[in-house]
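To start, the structure itself, in structure tokens.
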Amino acid sequence: MSLRALAPCVLLVALFTSSLTNAFNITKILSNTSDFGSFNNFLSQSGLAETINSRSSLTILALDNGAVGSLQGKSNDKVQRILTNHVLLDYIDQNKLKNLPNKTTTMTTLLQASVVAQQGQGFLNVTVSGNTILFGSEVQDSPLAASFVKSVYAEPYNISVLQISRSIVAPGISAPAPYTTLPPPPPSKTAPAPSPMTRKAPPPATAKGKEDTRNTAAAPGRGRADSGAPCALGSGVLLQF
């Protein structure tokens, strides 16, 4: 087959591959309505929009401009940790929410895939109570304070955008990552270092031993003078010769 005949096939493959790698763009999806302008900006500023677009089968729990006020004034780092808990690692649409087995389930969020989640912070509890669908952190004693409002966008089975009434802030999620607050390591359990006085004054026995060695080498006969008297006479004769 000639290269000219292969060209249309190559183009189709390239277009198909491109559609797979760029299945959706959360920024464009949210920009279709002004109600989520602030939420959209937070996703972009915190870098979460790029992370969302690089994944597949996600559900975004979006906040409208009125509900997003709780994030105002927080650093990008804190906003990112809070909003990662609004990204479910599965495709969940309105129909699935209304037909939850046993009326309750635990869902995994993007926060759980990070290094900062601890003690259930990366999981959400979703419970159907009458005609209301409630959301809350899976951390013990956390309230189910957020409720489902409406479905904003759905592209089965890639991405679903659901509006909830308020942000979900897991206890302790605004704190720095655990590894940034570790205490310094304990001191090593080795023998204590010598005190300054010990370092300045070596043991007398060692010094005396060195002195005896030098004197013995210089004057071999000194070992016979037990009384300690100097051998001046012998030394003088040798020096005058």
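Just one of the listed residues (Val161, Val169) is in contact with a helix residue (DSSP H, G or I) (Cβ under 8 Å, 6 or more places away or on another chain), in contact (Cβ under 8 Å) with a residue 40 or more places away in the chain and under 17 Å from Leu71 (Cβ atoms), and it is Val169. Name the single residue that is nearest to Ile164 (Cα to Cα) among those in region 128-138 being in contact with a strand residue (DSSP E or B) (Cβ under 6 Å, 6 or more places away or on another chain) and open to solvent by 30 Å² or more (accessible area, probe 1.4 Å). In this case the residue turns out to be Leu134. Residues in region 64-84 that are closer than 20 Å to Gln112 by Cα and of a type in the set (A, V, I, L, M, F, W, C): Val79, Ile82, Leu83.
Please indicate, with yes or no, whether at least one residue in region 49-57 is farther than 22 Å from Ile173 by Cβ, open to solvent by less than 60 Å² (accessible area, probe 1.4 Å), within 22 Å of the chain's Cα centre (by Cα) and modelled with pLDDT of 95 or more. Yes, because at least one residue in region 49-57 is farther than 22 Å from Ile173 by Cβ, open to solvent by less than 60 Å² (accessible area, probe 1.4 Å), within 22 Å of the chain's Cα centre (by Cα) and modelled with pLDDT of 95 or more.
In the set (1) modelled with pLDDT of 50 or more; (2) closer than 25 Å to Ile82 by Cα, the condition left unmet by Thr180 is number (1). One residue stands out in region 95-111 among those that are polar (S, T, N, Q) and within 25 Å of the chain's Cα centre (by Cα): the one that is surrounded by the most Cβ atoms within 10 Å (Cβ to Cβ), namely Thr109. Taking region 77-94 as the range and being open to solvent by 10 Å² or more (accessible area, probe 1.4 Å) and more than 15 Å from the chain's Cα centre (by Cα) as the test, the residues that pass are Leu89, Asp90, Ile92, Asp93, Gln94. Taken together, the criteria exclude Lys210 from residues that are among the basic types (Lys, Arg), over 18 Å from Gln80 (Cα atoms), part of a loop (DSSP other than H, G, I, E, B) and at pLDDT below 85.
For region 65-123, taking the residues that are at pLDDT below 90 and hydrophobic (A, V, I, L, M, F, W, C), the one that is nearest to Arg166 (Cα to Cα) is identified as Ala117.
The values are calculated or read from the model by the stated rules, or taken from the named source; none is laboratory data. Quick caveat, the model's predicted, so the values are computed rather than measured. With ideal geometry, Cβ positions are generated from the backbone for all residues, glycine too; neighbour counts draw on all protein chains shown. The area values use the complete protein model at the heavy-atom level, side chains included, leaving out ligands, DNA and RNA. Shrake-Rupley method; radii C 1.70, N 1.55, O 1.52, S 1.80 Å.
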